[in-house]
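J.: Provided herewith is a single structure, encoded as structure tokens, for subsequent inquiry.
The values are calculated or read from the model by the stated rules, or taken from the named source; none is laboratory data. Keep in mind that what you see is a predicted model, and the values were worked out from it rather than measured. Glycine also receives a Cβ, built like all others from the backbone with ideal geometry; neighbour counts cover every protein chain displayed. These area figures cover heavy atoms from the full protein model, side chains too; ligands, DNA and RNA do not enter into them. Shrake-Rupley method; radii C 1.70, N 1.55, O 1.52, S 1.80 Å.
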Amino acid sequence: MADLSTTLEALNPAQRAAVLHATGPLLVLAGAGSGKTRVVTLRMARLIRDGVEPGHILALTFTNKAAAEMRARCLALVDGGETGGTPVVSTFHAFGARFLRAHAARLGRTEAFTLFDDDDQVALLKRAFVSLGLGERASEARGVREVIDASKNAGRTPSPTELPPEVLAAGGARIAEVYETLLARANAFDFGDLILRPAELLDADPALAARVRSRYPWVLVDEFQDTNAAQMAWLRALAPPETCPNLCVVGDDDQSIYGWRGADVDNILGFARHWPGATIVRLEQNYRSTGHILDAANAVVAHNRARLGKSLFTVDGPGEALEVRDFPSPREEARWIATRISALCRDDGLAPSDVAVLLRTNALSLDLEEALRASRIPAVMLRGRSFYERAEVRDALAWLRLVVNPDDDVAFRRAVGAPPRGVGETTLDRLAAAASSAGCSLSALSAGRGLPAVKGPAAEGLRDFLSRLEAARLELSAGATPERVALHLLEPLHQRLRGEATRRAGGEDARARLENVERLVAALHAFRRERPGATLGDWLESVRLISDADDLETAGGAVSILTVHAAKGLEFPVCFVVGLEEGSFPHRRGEGTDGDVEEERRLFYVAMTRARRRLVLTFCRERRTFAEVRRAPPSRFLAELPSACLAPHVEPVRSEPPRARFGRTLPRPDDALFRDETYDDHGGGVEPGFRPGASVWHGELGQGRIVALGRGANAATATVEFPSVGRRAIVLRFLSLYEDSGGHWED
């Protein structure tokens with residue numbers, strides 16, 4: 001066992017308190033960049049040092065990447081596990097899969113079950129619609145999948161009343177029930193099952209629950225703010241409050257940004273209520289960002305009501321002030337960002353990889369990518385899971401899934417056409433109808449009962465397909481390595497792709513498809529090299545359990561362009577956060593309730609705290625959507641930035657107001673604001689400082705000068721001369737004062 005004394009002495013007081021906490025429930029409220037992973041791993045190492053059996057510790061998190069890091073750090077602190085085993089460090093879903101494989105028979109499956117992802121679920125739902133005599137109904141299938149996922153995240157099965165109205169109107173009230181029947185027949189679970197079903201099993205079997213609790217008396221949960229209702233139910237079964245469990249959860253309520261996936265921030269806000277007597281330790285010292293960045297982030301997130309409260313600080317000084325810029329259009333925004341990045345790389349010694357451009361949605365990336373390309377700045381748009389979502393990769397995985405689980409009908413329908421062998425949709429539909437009548441899978445029907453109503457080339461193609469799968473299973477059972485079996489089984493697919501790649505018409509796309517299949521087999525080989533003795537099923541499960549964050553390819557020597565959600569957990573010396581307009585950030589879908597707006601504000605907080613040294617925030621006065629040019633005021637979050645953290649502009653930007661223009665939150669203007677008329681509002685009298693001749697700024701129309709003041713029926717107004725559009729009558733609350741001499745905005 002490594003000596004932890006020196007390491008513990010290096011911790012700050014709050015970190016040390018979390019690591020040395022003895023027994024009972026513990027909430028570690030860990031701010032961004034506060035060293036939470038270090039605290040979690042040191043806590044596990046300290047427990048082992050003090051006599052806890054390593055195998056009695058269960059640590060759960062959300063990504064394989066985070067689990068691997070926690071595991072490696074812990075092992076380094078306990079002599080690589082030589083002192084008597086290692087803790088179980090896993091993602092929620094991987095631990096759920098492991099639990100279900102041990103108890104699959106209780107749920108009508110075998111331990112060789114398949115995990116269905118979103119696309120598999122949609123494919124199965126289309127078959128469920130067909131079995132109800134309603135046709136495939138592809139668009140409705142996606143809506144039903146969302147309902148099923150949401151209900152399982154909430155810890156329950158869906159009610160027919162939750163289904164989309166068009167599904168109910170078409171007679172699909174039983175669609176979720178039929179989906180579950182087909183899922184069981186395919187010997188498969190979906191991702192929601194990996195959390196929901198273990199919790200149900202523990203609740204239904206007190207003896208089983210007692211055995212699991214005795215196996216894992218010490219439970220740690222990372223990123224607790226991202227847990228949903230089903231995960232909360234599972235944790236309560238693993239570590240029930242009434243037994244005063246040794247449950248430690250680590251998270252940050254200010255970084256809860258996955259409500260749209262089912263995460264419930266109330267889990268962390270109410271931890272002390274669910275586990276009475278809990279100790280709360282706040283990690284507030286930040287080791288990532290400068291003082292100005294942290295002060296600004298603290299000020300913004302403080303506007304949220306639903307939070308436990310903390311304030312990040314650093315001992316490293318204030319650093320560079322934040323820059324806030326606005327532009328007439330996204331194209332000018334993108335060009336300026338490209339120019340700014342060039343200057344930073346030229347004058348400040350930065351590399352492109354030191355820079356990230358963060359977006360609320362991927363839709364904002366096009367202008368940026370074009371501007372960076374035109375400036376010859378290497379840039380990569382980072383998206384998760386892109387490799388495993390490619391068609392040829394999914395084709396290859398379908399073949400391999402069938403080797404492990406012959407009852408996987410979704411994989412059967414995909415693999416039989418890759419490459420094509422004369423088995424079309426009509427043939428497959430006939431087989432599916434016969435299989436449904438027989439209550440078996442497509443493979444079982446085809447192998448055990450002949451090929452009803454299938455003749456000619458289709459029958460020959462099916463026989464060849466089934467014989468290849470059977471040969472692969474025999475080869476695997478005879479001791480061949482999974483890599484060798486994969487090479488043999490995928491040879492027809494590989495040969496077809498190789499032919500496409502060698503033909504002139506195939507081009508780079510065909511060569512890329514070929515290389516992707518080869519890369520997939522290489523990934524299997526690498527997995528087995530790291531985990532000797534791992535089976536083909538083990539690897540397929542690991543592929544299914546890869547999250548967006550795990551498969552996020554790094555940008556190498558390029559600027560990273562990515563969404564704020566994808567950036568969580570990452571950090572960069574310089575960050576640009578773009579598109580800070582009402583309706584974009586906060587997104588219009590976050591305008592419904594206070595909780596929605598608060599999640600959008602937390603998302604902005606996450607964006608700000610990705611920056612280590614420099615943070616630049618930009619917005620445009622108009623953005624073009626598919627059908628129109630949309631005008632919107634600057635984001636309300638910009639109005640929440642403290643002026644002491646903001647830098648004055650170094651060089652002018654066309655139609656750009658100075659930095660302190662966000663003295664008030666500008667509401668979304670009505671279309672009437674752009675017409676020549678007087679506007680009524682339930683406001684007060686004329687505010688001080690608004691007088692004829694005064695310079696003002698309007699969030700949409702830019703700088704202007706007051707010509708006259710007046711009143712509508714209920715609001716003070718001003719007639720303003722704008723250089724761009726002439727005179728307009730504007731309600732005063734839509735204006736901010738602008739002093740030409742000092743270049744400052746008055747609040």
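J.: Out of curiosity, is VAL130 out of contact with any Asp or Glu (no Cβ under 8 Å at 6 or more places or on another chain), of a type outside the set (Ser, Thr, Tyr) and open to solvent by less than 60 Å² (accessible area, probe 1.4 Å)? First the steps, then the outcome.
T.: Working: out of contact with any Asp or Glu (no Cβ under 8 Å at 6 or more places or on another chain): no; of a type outside the set (Ser, Thr, Tyr): yes; open to solvent by less than 60 Å² (accessible area, probe 1.4 Å): yes.
No: the conditions fail for VAL130.
J.: Answer with yes or no whether VAL28 is open to solvent by less than 50 Å² (accessible area, probe 1.4 Å), closer than 21 Å to LEU312 by Cβ and in contact (Cβ under 8 Å) with a residue 60 or more places away in the chain.
T.: The answer is yes for VAL28.
J.: Is it true that ALA263 is over 27 Å from the mean Cα position of the chain (by Cα) and of a type in the set (A, V, I, L, M, F, W, C)?
T.: Considered against the rule, which asks whether it is over 27 Å from the mean Cα position of the chain (by Cα) and of a type in the set (A, V, I, L, M, F, W, C), ALA263 comes out as no.
Quick grid of which residues meet (1) surrounded by fewer than 20 Cβ atoms within 10 Å (Cβ to Cβ); (2) touching a Leu at 6+ places or on another chain (Cβ under 6 Å):
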site: PHE191; (1), (2): no, no
site: ALA210; (1), (2): yes, no
site: VAL221; (1), (2): no, yes
site: ASP254; (1), (2): no, no
site: ASP266; (1), (2): yes, no
site: GLY270; (1), (2): yes, no
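J.: Please go through the range 224-249 and give me each residue that is over 22 Å from ALA204 (Cβ atoms) and either open to solvent by 10 Å² or more (accessible area, probe 1.4 Å) or basic (Lys, Arg) (or both), ordered by number.
T.: Listed by number, the residues that qualify are ASP226, CYS244, ASN246.
J.: I'm trying to understand the selection: among the residues of the range 346-368, which are surrounded by fewer than 17 Cβ atoms within 10 Å (Cβ to Cβ) and either under 13 Å from ALA558 (Cα atoms) or in contact with a helix residue (DSSP H, G or I) (Cβ under 8 Å, 6 or more places away or on another chain) (or both)?
T.: Going through the range 346-368, the residues surrounded by fewer than 17 Cβ atoms within 10 Å (Cβ to Cβ) turn out to be 346-349, 351, 361-363, 366.
Of everything in the range 346-368, just one residue is surrounded by fewer than 17 Cβ atoms within 10 Å (Cβ to Cβ) and either under 13 Å from ALA558 (Cα atoms) or in contact with a helix residue (DSSP H, G or I) (Cβ under 8 Å, 6 or more places away or on another chain) (or both), namely ALA351.
J.: Hey, does the range 46-56 have a residue that's more than 22 Å from ASN267 (Cα to Cα), surrounded by 21 or more Cβ atoms within 10 Å (Cβ to Cβ) and touching a Leu at 6+ places or on another chain (Cβ under 6 Å)?
T.: Checked against the condition, which is being more than 22 Å from ASN267 (Cα to Cα), surrounded by 21 or more Cβ atoms within 10 Å (Cβ to Cβ) and touching a Leu at 6+ places or on another chain (Cβ under 6 Å), the range 46-56 yields no hits at all.
J.: Could we say that ALA391 is surrounded by fewer than 17 Cβ atoms within 10 Å (Cβ to Cβ) and within 26 Å of the chain's Cα centre (by Cα) here?
T.: Here the answer is yes, as ALA391 does meet what is asked.
J.: Of the residues in the range 169-182, how many are open to solvent by 70 Å² or more (accessible area, probe 1.4 Å) and either farther than 29 Å from LEU201 by Cα or in contact with a Pro (Cβ under 6 Å, 6 or more places away or on another chain) (or both)?
T.: Result for the range 169-182: 1.
J.: Can you tell me which residues in the range 473-502 are part of a helix (DSSP H, G or I), open to solvent by less than 60 Å² (accessible area, probe 1.4 Å) and farther than 18 Å from ARG394 by Cβ?
T.: ARG473, GLU475, LEU476, PRO482, GLU483, VAL485, GLY499, ALA501
J.: Let me ask something additional. Residues that are of a type in the set (Asp, Glu): list the helices (runs of 4 or more DSSP H) wholly contained in the range 327-427 that include at least 3 such residues.
T.: In the range 327-427, the matching helices (runs of 4 or more DSSP H) lie at 330-347, 365-374.
Each row is one residue, and each column tells you yes or no for (1) touching a Pro at 6+ places or on another chain (Cβ under 9 Å); (2) among the aromatic types (Phe, Trp, Tyr); (3) open to solvent by 10 Å² or more (accessible area, probe 1.4 Å); (4) assigned to a strand (DSSP E or B).
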{"site": "ILE257", "(1), (2), (3), (4)": "no, no, no, no"}
{"site": "ILE280", "(1), (2), (3), (4)": "no, no, yes, yes"}
{"site": "SER289", "(1), (2), (3), (4)": "no, no, no, no"}
{"site": "LYS310", "(1), (2), (3), (4)": "no, no, yes, no"}
{"site": "PRO318", "(1), (2), (3), (4)": "no, no, yes, no"}
{"site": "ARG325", "(1), (2), (3), (4)": "no, no, no, yes"}
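J.: Shifting gears a bit: Hey, could you check the range 723-745 for residues that are open to solvent by less than 10 Å² (accessible area, probe 1.4 Å) and at pLDDT below 80 and say which is farthest from ALA639 (Cα to Cα)?
T.: Checking each candidate, the answer is VAL731.
J.: Of everything in the range 103-121 that's open to solvent by 70 Å² or more (accessible area, probe 1.4 Å) and without any contact (Cβ under 8 Å) to a residue 40 or more places away in the chain, which residue is nearest to ALA230 (Cα to Cα)?
T.: This residue is ASP118.
J.: Might you check whether a residue that is free of Cβ contacts under 8 Å to residues at least 40 places away in the same chain and crowded, with 22+ Cβ neighbours inside 10 Å occurs anywhere in the range 403-413?
T.: Looking through the range 403-413, at least one residue is free of Cβ contacts under 8 Å to residues at least 40 places away in the same chain and crowded, with 22+ Cβ neighbours inside 10 Å.
J.: If you check VAL40 against the conditions, is it part of a helix (DSSP H, G or I), buried (at least 19 other Cβ atoms within 10 Å of the Cβ) and within 24 Å of the chain's Cα centre (by Cα)? Steps first, answer last, please.
T.: Numbers: part of a helix (DSSP H, G or I): yes; buried (at least 19 other Cβ atoms within 10 Å of the Cβ): yes; within 24 Å of the chain's Cα centre (by Cα): yes.
Here the answer is yes, as VAL40 does meet what is asked.
J.: Among the residues of the range 690-715, write down those that are modelled with pLDDT under 80 and small (Gly, Ala, Ser).
T.: Matches in the range 690-715: GLY699, GLY702, GLY712, ALA713, ALA715.
J.: If the requirement is being modelled with pLDDT of 90 or more and either in a loop (DSSP other than H, G, I, E, B) or open to solvent by 10 Å² or more (accessible area, probe 1.4 Å) (or both), which of these qualifies: LEU617, LEU570, LEU552, LEU562?
T.: LEU570
J.: Could you grab me the full set of residues in the range 532-549 that are of a type in the set (D, E, K, R), modelled with pLDDT of 90 or more and open to solvent by 50 Å² or more (accessible area, probe 1.4 Å)?
T.: Selection gives ASP538 alone.
J.: When the residues of the range 85-102 are narrowed to those that are open to solvent by less than 40 Å² (accessible area, probe 1.4 Å) and assigned to a loop (DSSP other than H, G, I, E, B), which ends up modelled with the lowest pLDDT?
T.: Among those that are open to solvent by less than 40 Å² (accessible area, probe 1.4 Å) and assigned to a loop (DSSP other than H, G, I, E, B), it is GLY85.
J.: Does ARG156 satisfy the criteria of being more than 22 Å from ALA398 (Cβ to Cβ), open to solvent by 60 Å² or more (accessible area, probe 1.4 Å) and touching a Phe, Trp or Tyr at 6+ places or on another chain (Cβ under 7 Å)?
T.: On the way: more than 22 Å from ALA398 (Cβ to Cβ): yes; open to solvent by 60 Å² or more (accessible area, probe 1.4 Å): yes; touching a Phe, Trp or Tyr at 6+ places or on another chain (Cβ under 7 Å): no.
Considered against the rule, which asks whether it is more than 22 Å from ALA398 (Cβ to Cβ), open to solvent by 60 Å² or more (accessible area, probe 1.4 Å) and touching a Phe, Trp or Tyr at 6+ places or on another chain (Cβ under 7 Å), ARG156 comes out as no.
J.: Okay, next question. Assuming ALA505 fulfils every condition listed in (1) aliphatic (A, V, I, L, M); (2) at pLDDT 90 or above; (3) open to solvent by 40 Å² or more (accessible area, probe 1.4 Å) apart from one, which condition is it?
T.: Failed condition: (2).
J.: Further, regarding this structure: Looking at (1) in contact with a strand residue (DSSP E or B) (Cβ under 7 Å, 6 or more places away or on another chain); (2) open to solvent by 30 Å² or more (accessible area, probe 1.4 Å), which is the only condition ASP203 fails?
T.: (1)
J.: Give GLU515, GLU460, GLU500, GLU483 a once-over and let me know the one that is more than 17 Å from LEU400 (Cα to Cα) and under 35 Å from the mean Cα position of the chain (by Cα).
T.: None of the others qualify; the one that does is GLU515.
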